[in-house]
Structure formats: structure tokens, C-alpha cells
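Q: Got a structure here, written out as C-alpha cells. Questions coming.
The values are calculated or read from the model by the stated rules, or taken from the named source; none is laboratory data. Note that the structure is predicted; figures quoted are calculated from it, not measured. For neighbour counting, all protein chains shown are included, and Cβ atoms are generated from backbone atoms with ideal geometry for every residue, glycine included.
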Ligand code: NAP
Ligand code: ZN
Ligand code: ZN
């Protein structure tokens, strides 16, 4: 680890074959073919839960990949969004941005994917492709705003609102599609597309290496991936949890130590022991006790985005140890592929519980109650057949 390094090394330029050569006019020359009706599950209002819907998916354009979705992970962000907790949500909304499936059709300019390939799609399906962030492989920080996989205006597709992976099919530009390594269980890979890369990115940003001490706050979907990835990078991992019942499970996952974050003595004993904290808590909480567990030049990355305000950060806690308080948003496309390849090499996948479509509402309630080890994944073969007419 390079303590306190303020700027990350540039990520590898995304390996996007044909990036420079694709003629935008190619779209116009292509036979648009026909779109399809996809089965889906989504929300029609903030408080009505999820119900069956039928989506119209566009016909693949020149650069598009049509994917028959097999699995989609359930992220806590899906709960925040579908329940309108982040405000300003458009409905109907089909959530889901941890997508794994097989390619069913490709557009005329696609040479890097062929039907039958197993692929993944994460949290974004487009970005401007021109700004400094996009050109640096940091599409998630696109200066013009990335296009999220669901609930976002898709400016290259008639300003349609994107609809996510709780669905039987999706059509995505090839630049935002990644390859799923063949040696990993595809259902357990799905959560890597968000929870995996969201925790991999800050671990890499701070160059975590053998012997570094990484703290993980909150043992849910993101948190358990942070534990597995940090261990695979050679770190010593300390888990902070509010749930006493998760202690044995955290140790089983590979944590070297588990600290009950509401236990003041246990927190005091952890004073100045940690280099980097990955905080994945989905609700407002006081960060100041966690800053006290960091060494000089330590850093805390907050990944959770609670809908309500957090208690104020004490500047003195940061200043006295030159601590960095940072945030981090998912990861770029090249970094997502790098993470998948890293997971393939180290045999890392998520611990999952497969759910049927008709269990989605119950799964949301269980996720909010912290009753999941550690990621629900929708088996899309349990979706109803699409209706004859699209709802969206
Ligand atoms: P999750 O599976 O529900 O895990 C969240 C964990 O937070 C829980 O398991 C729990 O761990 C802890 N927690 C403590 N108090 C809590 C409370 N009052 N309510 C809920 N959780 C509490 O959620 P996730 O899918 O990992 O997502 C975590 C957060 O990251 C969400 O806010 C999500 O929107 C956000 N997120 C951010 C990004 C990004 O790019 N930055 C990407 C994906 C998700 P313990 O029981 O161990 O205390
Ligand atoms: Zn997510
Ligand atoms: Zn951009």
C-alpha cells in the first residue's frame, strides 16, 4: 500500500476492440431487425413492491449485444431506488445491475462477442465516451453523467429510461459488456458486477498488498466481497459488524478478526491498527469511532449511500492522523473485467441465495433486515412469460 497517495495510478485503458474504428453512421446502415418483449419484475410506485411487467427491448443496433439474462443479483441500491429513497424516481422501474447471461444476438459491428458467449453487465450501460474520465477508463465518473443500467435517461436511444436486469433479456452496447470467466459459477458471479467491483476498486486504488490491514464495516453484499477480495490480495482483514450473530460467519469468510462496532471497549482496542477501511453500511452511522481505528495516513472509503443525513465527521479525527475520508463509485469497464479475471484466478465468487421472481419482495425485506448471507440472486428462469404487449 502507498499510504496517503492522493491520486490513483491511471487504470488500464479499457480494452474495447473496434473502439476507434466504429463508424457512428454504421447504426444507420444496419437492418434494425426486431426488438423483443422481455419478461420482467419491477416497481410501479415507491410503496407498491415489485410485480410482473413486460419490457420492450430494442432491436440490436450495430454495436449492440442482446443478452438472454440467466441471473441478476439484488443490490441494496435496488431497494433504495425502487422504493424512491433517493428521490426523483421514474416508474415503472425494473431494477437489477448485477447481470449475467449469454449473448443471443449481436449487431453488425460487434466482433468481440458472439452468440453463446457468457457475459456480464454491471451498473452502467453507457457514458459520453469522450470526456477525460471516459478516456481514462473511469466511465463511472463520466463528466457528462454515466447512463445507469436502470432508471436513467438513455440519450443514444431516444431518451428512453433504462430498465435493469430483473428481466429475461437486455440489449447493451458492446463497450459496456464484460466477459464472464468460464471457471466460475455464473449465478455466484452476478454479484461481482456491482458488489465485487465496488469493493475491488478502492482496494486497488490504495494498492492493497500483502500484510496491509483492511477494515470492512458492514457484512452484507458489498462487505462480504470486500473481505474475500482483500484476503485474496494478501491483506489482514478486520470486520466491523453490528450483528453479533455474524461473528462466526465472518471468521468463516476469512476475516482475521471481528469487532462488534457497538462495543466501545472492542473499538478502543482497535485504536491505530488499520490502514484502510471499506465502509459498506447502508444506513446513517457515526464514522468518528472508525477513524480512531486508523493509523497515520490511513483512509476510509464510504461506499454506502444512506438516504438520510450522516452524523458530522470530526475534522480533528482526520487532521491528527492525516486520514483521508473518501468515497468511491463502482468501477470502470476495464476495471470490472480486471476484477472478474482476478476472481477467476483466485477462485473468488459471492456467497449467494438464489430466489424466484415471486420471492423478490420478501428478499427485499430480508435484505433491509440484514437477513441474507450475503447476496440474493434472481434466477430469471422463474419469471413469468412476457405479456403480448409491453408495459414499458
Ligand atoms: P446490504 O447487503 O444490505 O449490507 C449492508 C450492511 O450494512 C448490513 O449487512 C449491515 O451489516 C450494515 N448495517 C448496519 N446498520 C444498518 C442499518 N441500520 N440498515 C442497513 N444496514 C445496516 O447492502 P449492500 O448491497 O452491500 O449495499 C450497501 C450500501 O452500498 C447501500 O447503501 C448501497 O446503495 C451502496 N452501494 C454503493 C455503491 C457504490 O458504488 N458506492 C455500489 C453498490 C451499493 P452488519 O449487520 O454487519 O452491521
Ligand atoms: Zn449495486
Ligand atoms: Zn464521459
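Q: May I ask you to say which residue of 218, 211, 234 is within 13 Å of ligand 1 (Cβ to nearest atom), at positive phi and touching a residue at least 12 places away in the same chain (Cβ under 8 Å)?
A: Of 218, 211, 234, the one residue that is within 13 Å of ligand 1 (Cβ to nearest atom), at positive phi and touching a residue at least 12 places away in the same chain (Cβ under 8 Å) is 218.
Q: So, one more: Here's a check for you: in region 149-158, which residue that is in a loop (DSSP other than H, G, I, E, B) and in contact (Cβ under 8 Å) with a residue 40 or more places away in the chain is nearest to ligand 3 (Cβ to nearest atom)? So that I can check it myself, show each step before the final result.
A: Taking region 149-158 as the starting set, the residues that turn out to be in a loop (DSSP other than H, G, I, E, B) are 149-152, 158.
Subsequent filtering for residues that are in contact (Cβ under 8 Å) with a residue 40 or more places away in the chain retains 149-151.
Values: 149: 16, 150: 19, 151: 19 Å.
The qualifying residue nearest to ligand 3 (Cβ to nearest atom) is 149.
Q: Kindly indicate whether residue 127 is within 15 Å of ligand 3 (Cβ to nearest atom), over 24 Å from residue 377 (Cβ atoms) and in contact with a helix residue (DSSP H, G or I) (Cβ under 8 Å, 6 or more places away or on another chain). Walk me through it before giving the result.
A: Details: within 15 Å of ligand 3 (Cβ to nearest atom): yes; over 24 Å from residue 377 (Cβ atoms): yes; in contact with a helix residue (DSSP H, G or I) (Cβ under 8 Å, 6 or more places away or on another chain): yes.
Answer is yes for this residue.
Q: Taking the criterion of being at pLDDT 95 or above and within 16 Å of ligand 2 (Cβ to nearest atom), would at least one residue in region 227-237 satisfy it?
A: Taking region 227-237 as the starting set, the residues that turn out to be at pLDDT 95 or above are 227-237.
This time we only want the ones that are within 16 Å of ligand 2 (Cβ to nearest atom), so: 229.
Yes, region 227-237 contains at least one residue that is at pLDDT 95 or above and within 16 Å of ligand 2 (Cβ to nearest atom).
Q: Out of the residues in region 338-356 that are buried (at least 22 other Cβ atoms within 10 Å of the Cβ) and in contact with a strand residue (DSSP E or B) (Cβ under 7 Å, 6 or more places away or on another chain), state the one that is farthest from residue 254 (Cα to Cα).
A: 340
For (1) out of contact with any helix residue (DSSP H, G or I) (no Cβ under 9 Å at 6 or more places or on another chain); (2) away from ligand 2 (no atom under 16 Å from the Cβ); (3) at pLDDT 95 or above, each residue gets a yes or a no:
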{"residue": "56", "(1), (2), (3)": "yes, yes, yes"}
{"residue": "59", "(1), (2), (3)": "yes, yes, yes"}
{"residue": "62", "(1), (2), (3)": "no, yes, yes"}
{"residue": "78", "(1), (2), (3)": "no, no, yes"}
{"residue": "87", "(1), (2), (3)": "yes, yes, no"}
{"residue": "96", "(1), (2), (3)": "no, no, yes"}
{"residue": "103", "(1), (2), (3)": "yes, yes, yes"}
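Q: Here's something else I'd like to know. Name, by its number, the condition in (1) buried (at least 21 other Cβ atoms within 10 Å of the Cβ); (2) out of contact with any strand residue (DSSP E or B) (no Cβ under 7 Å at 6 or more places or on another chain); (3) in contact (Cβ under 8 Å) with a residue 24 or more places away in the chain that does not hold for residue 134.
A: So residue 134 meets the others, but not (3).
Q: Moving to a separate point now. Scan region 260-308 residue by residue and report those that are modelled with pLDDT of 95 or more, crowded, with 17+ Cβ neighbours inside 10 Å and farther than 18 Å from residue 238 by Cα.
A: Correct list: 285 only.
Q: Sticking with this structure for a sec: Any residue at all in region 43-52 that is more than 16 Å from ligand 3 (Cβ to nearest atom), surrounded by fewer than 24 Cβ atoms within 10 Å (Cβ to Cβ) and without any contact (Cβ under 8 Å) to a residue 12 or more places away in the chain?
A: Yes; the residues of region 43-52 include at least one that is more than 16 Å from ligand 3 (Cβ to nearest atom), surrounded by fewer than 24 Cβ atoms within 10 Å (Cβ to Cβ) and without any contact (Cβ under 8 Å) to a residue 12 or more places away in the chain.
Q: Further, regarding this structure: With the condition kept exactly as written, say whether any residue in region 309-323 is crowded, with 18+ Cβ neighbours inside 10 Å, within 16 Å of ligand 2 (Cβ to nearest atom) and at pLDDT 95 or above.
A: Looking through region 309-323, none of the residues is crowded, with 18+ Cβ neighbours inside 10 Å, within 16 Å of ligand 2 (Cβ to nearest atom) and at pLDDT 95 or above.
Q: Also, quick follow-up: Please find, among 128, 142, 134, the residue that is within 16 Å of ligand 1 (Cβ to nearest atom), in the same structural domain as residue 44 (by TED's automatic domain parsing) and over 14 Å from the mean Cα position of the chain (by Cα).
A: Numbers: 128 fails: within 16 Å of ligand 1 (Cβ to nearest atom); 134 fails: within 16 Å of ligand 1 (Cβ to nearest atom).
Residue meeting the stated conditions: 142.
Q: Within region 360-376, which residues are over 24 Å from residue 148 (Cβ atoms) and touching a residue at least 12 places away in the same chain (Cβ under 8 Å)?
A: The answer is 370, 373.
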